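*Asks:* Let me begin by handing over the structure; questions about it come next.
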Amino acid sequence: MAGLLYREDMDEVRHRLTTWWNGGDLGRPALQITAPRAEPLERFEPMAAPEGWTGHYSTKNYDYRVYLSKIACANIHYLAEAVPHVAPDLAPNCLALYLGCQGVEMPNTVWCAPCMDSPEAARFEYAPDNFYWQFSSRLGREQVALGRGKFQVQFPDLIEGLDTFAAMRGTDELLVDLIQRPGWVQQCLRQITDRYFHYYDVLYDLFRDEVGGSIFWAWAPGRMAKFQCDFSAMISPAMFGEFMVPVLTEMCERVSYSMFHWDGPGAIPHHDHLLSIPRLTMLQWTPGAGVEPISHPRWWPLYHKTVEAGKKVILVDGGGMDGLKALKREFGEKLKQFMINLRAASPEQAGEMVRVATL
């Protein structure tokens, strides 16, 4: 094992996170804290954004994506359990692109245009020459080479299950399919899961570090994955249990560590189903737009219930110092089962955050 240019104490970080993931006690929550550097750790020849550039997902200019990968970590302090990383992301649903969707680039996001206008058109085949798979796997290999001894490479946001199916089929069409042809939906979900792990296994072998660790929003000492079902806001708990719980149960069993991106008040009715999945390690609650922030007391009963069920909680924005203090007062020892992402103004403030979080 070894340190990294952007995280010299990476061995210690790995040790602490291995302890935390496996139920050990850090004396505080796991904290992923970043702070800006006064001066970049490395300097690179500037490269102007190409004309029409839409953001970090874009496939319009490969060389510029490589340039963004070079500079991504140079201006950031990675503190507590934060790990420097980049990702060959192309959309918040790369698997749908690999399976035939076309990406519609918008400012800082990409929509997947449906590619399945009828059940007879359903195809879930591995296509090695697919443009998006070629682009992201090529970029991922380039990032591995650039990051050797400096930073790690995170999985692209593959996504799975009903979210991938909805991207390919169309949301309204899939809602009808759930009623009219549930058996066909189940057959398609089986194929989507199989394709997911075809791509996941290739990427894990490419991106894993020297101890077999991997990263998606958090480093873990093995096969790590983020799962989700934003589509769940439109279906009942009974339907979620019928169509998605078996998918998630299998997928969690095929990795070592997992989190579920639990998005918005419409997904709250599925909480009990999520807690019933034995190998699901952690929930990542996202309140959504127009409601109280993630550290607000409105959501605290969800966190209590999650921890009491033996799961961990990750908060991607912990609300700063004030939010951290409030969470400590409310959860006490339970806070050790949380992972909290925070932004600090300086390494000194980050150190104060660690002190405040210590129990």
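*Asks:* Enumerate the pairs (first residue in the range 275-289 and within 10 Å of Thr306 (Cα to Cα) and in contact (Cβ under 8 Å) with a residue 40 or more places away in the chain; second residue anywhere and β-branched (Val, Ile, Thr) and not in a loop (DSSP other than H, G, I, E, B)) with beta-carbon separation below 9 Å, excluding pairs fewer than 6 apart on the same chain, so at least 6 apart or on different chains.
*Replies:* Pairs that qualify, where the first residue is within 10 Å of Thr306 (Cα to Cα) and in contact (Cβ under 8 Å) with a residue 40 or more places away in the chain and the partner is β-branched (Val, Ile, Thr) and not in a loop (DSSP other than H, G, I, E, B), are Met282/Thr306; Met282/Val313; Met282/Ile314.
*Asks:* To continue, here is another question. If a residue must be closer than 30 Å to Asn22 by Cα and not in a helix (DSSP H, G or I), how many such residues does the range 229-257 contain?
*Replies:* 5
*Asks:* Could you list, in sequence order, all residues of the range 106-142 that are closer than 21 Å to Val176 by Cα and surrounded by fewer than 14 Cβ atoms within 10 Å (Cβ to Cβ)?
*Replies:* Asp117, Ser118, Glu120, Ala121, Arg123
A quick yes/no check of all residues on (1) farther than 19 Å from Leu99 by Cβ; (2) touching a residue at least 12 places away in the same chain (Cβ under 8 Å); (3) in a helix (DSSP H, G or I):
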residue: Leu139; (1), (2), (3): no, yes, yes
residue: Leu146; (1), (2), (3): yes, yes, yes
residue: Leu158; (1), (2), (3): no, yes, no
residue: Leu178; (1), (2), (3): yes, yes, yes
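*Asks:* Tell me, please, whether a residue that is under 21 Å from Trp285 (Cα atoms) and modelled with pLDDT of 95 or more can be found in the range 201-215.
*Replies:* Let us first name the residues in the range 201-215 that are under 21 Å from Trp285 (Cα atoms), namely 215.
Those left that are additionally modelled with pLDDT of 95 or more: 215.
Checking the range 201-215: at least one residue is under 21 Å from Trp285 (Cα atoms) and modelled with pLDDT of 95 or more.
*Asks:* Just to be sure I understand, how many residues within the range 312-349 are within 29 Å of Ala38 (Cβ to Cβ) and either of a type in the set (Lys, Arg) or touching a His at 6+ places or on another chain (Cβ under 7 Å) (or both)?
*Replies:* 3
*Asks:* Suppose we keep only residues that are touching a Phe, Trp or Tyr at 6+ places or on another chain (Cβ under 6 Å) and farther than 21 Å from Asp317 by Cα within the range 5-36. Which one would you say is surrounded by the fewest Cβ atoms within 10 Å (Cβ to Cβ)?
*Replies:* Arg7
*Asks:* Working carefully through the options Arg254, Arg169, Arg195, find the one that is more than 30 Å from Gly147 (Cα to Cα) and out of contact with any strand residue (DSSP E or B) (no Cβ under 6 Å at 6 or more places or on another chain).
*Replies:* Working: Arg254 fails: more than 30 Å from Gly147 (Cα to Cα); Arg195 fails: more than 30 Å from Gly147 (Cα to Cα).
The unique qualifying residue is Arg169.
*Asks:* Can I ask one more? Are any of the residues in the range 37-52 out of contact with any Cys (no Cβ under 6 Å at 6 or more places or on another chain), surrounded by fewer than 20 Cβ atoms within 10 Å (Cβ to Cβ), under 26 Å from Gly318 (Cα atoms) and aliphatic (A, V, I, L, M)?
*Replies:* yes
*Asks:* Testing Arg254 on (1) touching a helix residue (DSSP H, G or I) at 6+ places or on another chain (Cβ under 8 Å); (2) within 14 Å of Pro29 (Cα to Cα), one condition comes back false. Which one is that?
*Replies:* In the conditions (1) touching a helix residue (DSSP H, G or I) at 6+ places or on another chain (Cβ under 8 Å); (2) within 14 Å of Pro29 (Cα to Cα), Arg254 misses (2) alone.
*Asks:* Here's something else I'd like to know. For the range 187-223, which residues satisfy the criterion of being among the β-branched types (Val, Ile, Thr) and free of Cβ contacts under 8 Å to residues at least 60 places away in the same chain? Spell out how you get there, then give the answer.
*Replies:* Of the residues in the range 187-223, the ones among the β-branched types (Val, Ile, Thr) are 192-193, 202, 211, 215.
Result: Thr193, single match.
*Asks:* Out of Pro237, Pro301, Pro269, Pro265, which single residue is of a type outside the set (S, T, N, Q), more than 18 Å from the chain's Cα centre (by Cα) and closer than 21 Å to Pro92 by Cα?
*Replies:* Working: Pro237 fails: closer than 21 Å to Pro92 by Cα; Pro301 fails: closer than 21 Å to Pro92 by Cα; Pro269 fails: closer than 21 Å to Pro92 by Cα.
That would be Pro265, the only listed residue that is of a type outside the set (S, T, N, Q), more than 18 Å from the chain's Cα centre (by Cα) and closer than 21 Å to Pro92 by Cα.
*Asks:* Further question on the same structure: Just give me the residues in the range 277-316 being assigned to a strand (DSSP E or B) and aliphatic (A, V, I, L, M), in sequence order.
*Replies:* As a first pass, look at the range 277-316 and keep what is assigned to a strand (DSSP E or B): 282-286, 312-315.
Passing the criteria: Met282, Leu283, Val313, Ile314, Leu315.
The values are calculated or read from the model by the stated rules, or taken from the named source; none is laboratory data. Because the structure is a prediction, the values reported are computed rather than measured. Methodologically, a virtual Cβ is constructed for each residue, glycine included, from the backbone with ideal geometry; neighbour enumeration extends over all protein chains shown.
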